[in-house]
Amino acid sequence: MVNKQIGSAAEAVADIPDGATVMMGGFGRAGQPVELIDALLEHGAKDLVVVNNNAGNGTTGLAALIGAGQVRKMICSFPRQKDSQIFDERYLAGDIELEVVPQGNLAERIRAAGAGVGAFFTPTGYGTMLAEGKETRHIDGRDYVLEYPIKADFALIKALKSDRWGNLVYRKTARNFGPIMAAAATTAIAQVDDVVPLGELDPEAVITPGIYVDRVLELPRNAPAADNIAATATAGSGSTAATAGSAATAGKAL
Amino acid sequence: MKLSRNEIAERLAADFPDGAIVNLGIGLPTLAADYLPEDREIILHTENGMLGMGRAAAEDEIDEDLINAGKIPVTEPAGASYFHHADSFAMMRGGHIDYCVLGGYQVSVTGDLANWHTGAADAIPAVGGAMDLAIGAKHVYVMMNLFTKNGDCKIVEQCTYPLTGIGTVERVYTDMALFEIVDGQLRVLEIFADMDLAALQEAMGVQLLDGLVAA
């Protein structure tokens, strides 16, 4: 029997070794696998190469991992933000490497890794600093830059629901990097609000088929904000079961 | 008289036709979302994975899973759809987005754009989706003040900051005038400031073509 469910966040990340390349889903707070990142912080793996759109916000999650000195290199599109002070300090002190990648190239390089594409030509960044030293080609009247895939040893992502086969459905803009990172990593770990019985997810609504997912961790969204529930209820389910949490109300709308 | 930020946004928003698919960059361009003409259906794309994005969420509508590229909570109107990041940028790169509006540090008279990095040694570069939008959208518009706080004109013969895209900007909406770049030539379409073309050209220090429509 296939059962990818795992009991705890600590167990989910326990085999991530020093020096691993780890993708982390999320754009801002949406889709950020906070508990898995916290477990990685606790686990203590170091010299990590982390792939994320940003380089940490505030003092928690990825920012805390960087602050603890566990990250050797960041691959991201937008490190500098109002609340990226931990990364900023480390970077300016020369303690952390940075590879800035245009956001669409970041996404496509991750996608290419999962899809087995060896490299691709993209017009993005042609003639800019970020294409310096890269191979270029003129194709059908346009200039392109050769970009290589970004693979990872592990991906930590967040979705709304899963079943024991690892099929995933997401919620709103929290989907962001989840599907492509799951495919690009040797081991993809998803934290979800809810692991439902096999057969309960509508196959038409599955966004990430379980083939890409290795471990699922159920973490009910704790103490969802009242406004969150109000918003999802308005969106279609009409559920008044506020105590059931946002995951349940949103799930009915799928 | 110069236009305020909101007035530039309003002037810009008036130029989107019915049915246009538009990506508004983070920061100043996002203001245009507040001035979309009500008699037209304009579909907003946000790079983090949504088409048909709604207005900013009110206090009681905030949902942490529903945000725009600037990480501001937004709403989900009828017709909206969600997709992952690679699809979102395929929409740009693949030429499916009609208009994008970006902020700018500098725009050259031939339409080069610099808007992501000052190039200073201690600056932390952050590009986000700017380069993808600059090469991908069918029409690239820039919204910015015409002069820096130090009085330097931001439309220049050649950008001195690191480039975001080459020969890509089609229109520049500023507080003082509206410009169009066609075939590598800069043309003034409207002047908002209290000056004529000659005075504007003198202040900017670049060659301007007259595209003014007689009032």
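Throughout, read-outs are computed from the coordinates displayed, never taken from laboratory work. The model shown is predicted, which means the values in this text are computed figures rather than measured ones. When we count neighbours, we look across all protein chains shown, and the Cβ atoms used for this are built from the backbone with ideal geometry, even at glycine.
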Next item on the list: Pop a pseudo-label 7 angstrom from the Cα along the beta-carbon direction at both B:ILE72 and A:LYS73 and give the gap in nm to one decimal.
Entry: 3.6 nm
Notebook entry, point to check: How big is the range B:171-215 in terms of Cα radius of gyration and Dmax, in angstroms?
Noted result: 9.6, 28
Check: Straight-line reach from B:LYS2: which lysines have Cα under 21 Å away, leaving out those fewer than 8 places along the same chain?
Finding: B:LYS149, B:LYS154
Item checked: Estimated FRET transfer efficiency when R0 is 45 angstrom, pair A:ASP95-A:ASP202 (beta carbons, to 0.05) -> 0.45
Check: From Cα coordinates alone, what are the radius of gyration and Dmax values for the protein assembly as shown in angstrom?
Finding: 23.1, 79
Next item on the list: Note down the nm distance, to one decimal, between modelled labels 7 Å out along Cα→Cβ at B:GLU157 and at B:ALA199.
Entry: 2.6 nm
Next item on the list: Return the calculated 222 nm mean residue ellipticity for the protein assembly as shown, to the nearest 500 deg cm²/dmol, obtained by summing -39500 (n - 2.57) across DSSP H runs with n ≥ 4 and dividing by the residue count.
Entry: -5500 deg cm²/dmol
Margin query: For the range B:63-128, compute Rg over Rh where Rg is the Cα radius of gyration and Rh is the Kirkwood radius from the inverse mean 1/r over Cα pairs.
Written below: 1.04
Notebook entry, point to check: Considering only the range B:5-210, what is the antiparallel percent among its DSSP beta bridges, to the nearest 5?
Noted result: 50 percent
Check: Based on the Cβ-Cβ distance of B:VAL182 and B:ASP122, what FRET efficiency does E = 1/(1 + (r/R0)^6) give at R0 = 45 Å, to the nearest 0.05?
Finding: 0.70
Item checked: Only Lys, Arg (+1) and Asp, Glu (-1) charged, at Cβ; the protein assembly as shown dipole about Cα centre in debye -> 820 debye
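Please label the shape of the range A:89-185 as rounded, prolate or oblate, based on the square roots a ≥ b ≥ c of the eigenvalues of the alpha-carbon gyration tensor (a/c under 1.5 means rounded; beyond that, a/b larger than b/c means prolate, else oblate).
On the way: a/c = 2.41, a/b = 1.46, b/c = 1.66.
Cα axes put the range A:89-185 in the oblate bin.
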Margin query: Below 8 Å, C-alpha to C-alpha, sequence gap of six or more: please give me the relative contact order for the range B:68-177 in percent.
Written below: 32 percent
Margin query: For the protein assembly as shown, give me the percentage of DSSP beta bridges that are antiparallel, rounded to the nearest 5 percent.
Written below: 40 percent
Notebook entry, point to check: In straight Cα distance, which lysines are under 27 Å from A:LYS73, not counting same-chain residues fewer than 8 positions off?
Noted result: A:LYS46, A:LYS82, A:LYS134, A:LYS151, A:LYS158, B:LYS71
Item checked: A:MET1 paired with A:ASP15, simple spin-label distance in nm, labels 7 Å along Cα-to-beta-carbon -> 2.1 nm
Notebook entry, point to check: Which whole-number percentage describes the relative contact order of chain B, with Cα contacts under 8 Å and a sequence gap of 6 or more?
Noted result: 19 percent
Next item on the list: Please turn the phi angles of the range B:169-177 into ³J(HN,Hα) values with the Karplus equation 6.51 cos²θ - 1.76 cosθ + 1.60 (θ = phi - 60°), one per residue in order, whole Hz, x for glycine and proline.
Entry: 7, 9, 9, 10, 9, 10, 5, 9, 6
Margin query: Along each principal axis of its Cα atoms, how long is chain A end to end? Whole angstroms, biggest number first, please.
Written below: 56, 45, 39
Checklist line | Cα-Cα P(r), the range B:5-210, percent of pairs per 10 Å interval | finding: 9, 35, 35, 18, 4, 0
Item checked: Derived scalar couplings ³J(HN,Hα) [the range B:12-21; Karplus, 6.51 cos²θ - 1.76 cosθ + 1.60; whole Hz; x for Gly, Pro] -> 5, 4, 5, 8, 7, x, 4, x, 5, 9
Checklist line | Computed Kirkwood radius, in angstrom, where 1/r is averaged over Cα pairs of the range B:1-111 | finding: 14.8 Å
Margin query: Name the residue from B:GLY119, A:VAL71, B:ILE21 whose Cα lies farthest towards the positive end of the charge dipole of the protein assembly as shown, charges +1 on Cβ of Lys and Arg and -1 on Cβ of Asp and Glu.
Written below: A:VAL71
Notebook entry, point to check: Using modelled amide H (1.01 Å from N, peptide plane; none on Pro or chain starts), what sits under 5 Å from the amide H of B:ILE155, excluding residues fewer than 5 places away?
Noted result: B:VAL107
